[in-house]
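> My questions all concern the structure below.
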Amino acid sequence: MNLEIHRSETGKNVFLDLIGDLDMAGAPVLRQSVVQEVSKGNNFLVLDLSGLTFIDSAGLGAIIGGLRRVRSHEGDLLLVGLNDELQKVFELCELDQIFNMKLRRELN
Amino acid sequence: MTQEIELNIPVRVDYVQLVRAVVGSLAATNPGLSAARISDLRLVVSEALTNAIRAQEKNSVAERLTILCKLTDSAIEVKVMDKAKGFEIDMVPDLPPTESPERLEHERGLGLTIMREMSDGLEIESSSEGTVVHMTINSQSGKNS
């Protein structure tokens, strides 16, 4: 399934719900979305991964790039909604030590 | 039981998803391969194919990529073959440690780690004629099954 991104806002946080496959084809879609948000001054992003059906290293690279971009603008990026399969991939690549991750979308 | 399929695809990113689906469907016909192991298979195949597409794009090679799948009672083997100029696996640099700020400068370099850890067997043969990545996922193996 091609990647779709659904956007919403709550306060200073912009939520990007990722739906579909985040792979070599989907990575540019996420990159473009992050670039657009940061260019508008939205530097606090929450990526909701609960709708992802697949992720590989190309997709992980796009998320790493997103974190680098928001941090370079004094922002941050939070990941929510990782299922066991996604969690396994993040841990395998030691990315769980880099990202702030929460099980659910509620920020408080 | 032995089933073999061969796929020849253009060097296009939108075909990666299709190959994952075909290989995953073939693997699902073996009841000894759990859903978790089939997920691992789809991931390692995606990594190998992504590398192959990047390599051929980098070298402007338009020849189709070949994917060979062999399913037996004991395993599924997948070979991904490209016609790029090859690489030296020992020359692939290590990533900086996760606590280093430089780690965020590296968006690539995770594919080999994933293929090594998720597969039961990984062989890479690379020369100036191209690269063959040979991956095996065992049926009812200990990894995640």
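The values are calculated or read from the model by the stated rules, or taken from the named source; none is laboratory data. Computed from a predicted model, the values in this text were never measured in an experiment. Reconstructed Cβ throughout: ideal geometry from the backbone, glycine too, with neighbour counts over all protein chains shown. In case anyone asks, the SASA skips ligands and DNA or RNA and just uses the protein heavy atoms, side chains included. Shrake-Rupley method; radii C 1.70, N 1.55, O 1.52, S 1.80 Å.
> Please count how many residues of the stretch B:11-44 are under 17 Å from A:Gly59 (Cβ atoms) and part of a loop (DSSP other than H, G, I, E, B).
The number of residues fulfilling the criteria is 1.
> Checking A:Glu37 against (1) open to solvent by less than 10 Å² (accessible area, probe 1.4 Å); (2) assigned to a strand (DSSP E or B); (3) out of contact with any helix residue (DSSP H, G or I) (no Cβ under 7 Å at 6 or more places or on another chain); (4) more than 14 Å from every other protein chain (Cβ to nearest Cβ), which test does it fail?
The single condition A:Glu37 does not satisfy is (2).
> Another question, if that's okay. Could you say which residue among B:Asn30, B:Asn59 is away from chain A (no Cβ under 14 Å), open to solvent by less than 40 Å² (accessible area, probe 1.4 Å), on the phi < 0 side of the Ramachandran plot and of a type in the set (S, T, N, Q)?
Step by step, each of B:Asn30, B:Asn59 is checked, and only B:Asn30 is away from chain A (no Cβ under 14 Å), open to solvent by less than 40 Å² (accessible area, probe 1.4 Å), on the phi < 0 side of the Ramachandran plot and of a type in the set (S, T, N, Q).
> Looking only at residues that are open to solvent by 20 Å² or more (accessible area, probe 1.4 Å) and among the β-branched types (Val, Ile, Thr) in the stretch B:67-89, which one is modelled with the lowest pLDDT?
Only one residue tops the list, namely B:Ile89.
> Something else now. Looking at A:Glu85, A:Glu74 in this structure, which one is out of contact with any helix residue (DSSP H, G or I) (no Cβ under 9 Å at 6 or more places or on another chain), over 18 Å from A:Glu4 (Cα atoms) and open to solvent by 60 Å² or more (accessible area, probe 1.4 Å)?
A:Glu74
> Any chance the stretch A:47-64 includes a residue that's surrounded by fewer than 17 Cβ atoms within 10 Å (Cβ to Cβ) and more than 11 Å from every other protein chain (Cβ to nearest Cβ)?
yes
> Another question, then. Return yes when A:Asp17 is among the acidic types (Asp, Glu), surrounded by fewer than 21 Cβ atoms within 10 Å (Cβ to Cβ) and more than 14 Å from chain B (Cβ to nearest Cβ) and no when it is not. Steps first, please.
Details: among the acidic types (Asp, Glu): yes; surrounded by fewer than 21 Cβ atoms within 10 Å (Cβ to Cβ): yes; more than 14 Å from chain B (Cβ to nearest Cβ): yes.
Here the answer is yes, as A:Asp17 does meet what is asked.
> Hey, among the residues in the stretch B:94-119 that are more than 22 Å from B:Leu43 (Cα to Cα) and either part of a loop (DSSP other than H, G, I, E, B) or touching a residue at least 12 places away in the same chain (Cβ under 8 Å) (or both), which one's most open to solvent (accessible area, probe 1.4 Å)?
Within the stretch B:94-119, the subset more than 22 Å from B:Leu43 (Cα to Cα) is B:96-105.
Pick out the ones that are also either part of a loop (DSSP other than H, G, I, E, B) or touching a residue at least 12 places away in the same chain (Cβ under 8 Å) (or both) and you get B:96-100.
On the way: B:Pro96: 25, B:Pro97: 72, B:Thr98: 23, B:Glu99: 143, B:Ser100: 29 Å².
Residue satisfying both the conditions and the ranking: B:Glu99.
> Does the stretch A:77-98 contain at least one residue that is under 27 Å from B:Arg12 (Cα atoms), more than 9 Å from chain B (Cβ to nearest Cβ) and of a type outside the set (A, V, I, L, M)? Step through it out loud before you land on a result.
So in the stretch A:77-98, the residues under 27 Å from B:Arg12 (Cα atoms) come out as A:85-86, A:89-90, A:93.
Subset that is more than 9 Å from chain B (Cβ to nearest Cβ): A:86, A:90.
Narrowing further to those that are of a type outside the set (A, V, I, L, M): A:90.
Yes: the stretch A:77-98 contains one or more residues that are under 27 Å from B:Arg12 (Cα atoms), more than 9 Å from chain B (Cβ to nearest Cβ) and of a type outside the set (A, V, I, L, M).
> Oh, and also: In the stretch A:65-108, how many residues are among the β-branched types (Val, Ile, Thr) and out of contact with any Lys or Arg (no Cβ under 9 Å at 6 or more places or on another chain)?
Number satisfying all stated conditions: 2.
> Would you confirm, using the coordinates I've provided, whether B:Arg116 is modelled with pLDDT under 95, in contact with a strand residue (DSSP E or B) (Cβ under 8 Å, 6 or more places away or on another chain) and basic (Lys, Arg)?
On the way: modelled with pLDDT under 95: yes; in contact with a strand residue (DSSP E or B) (Cβ under 8 Å, 6 or more places away or on another chain): yes; basic (Lys, Arg): yes.
Yes, satisfied.
> Test of understanding: among B:Leu95, B:Leu33, which residue is among the hydrophobic types (A, V, I, L, M, F, W, C) and within 25 Å of B:Tyr15 (Cα to Cα)?
That would be B:Leu33, the only listed residue that is among the hydrophobic types (A, V, I, L, M, F, W, C) and within 25 Å of B:Tyr15 (Cα to Cα).
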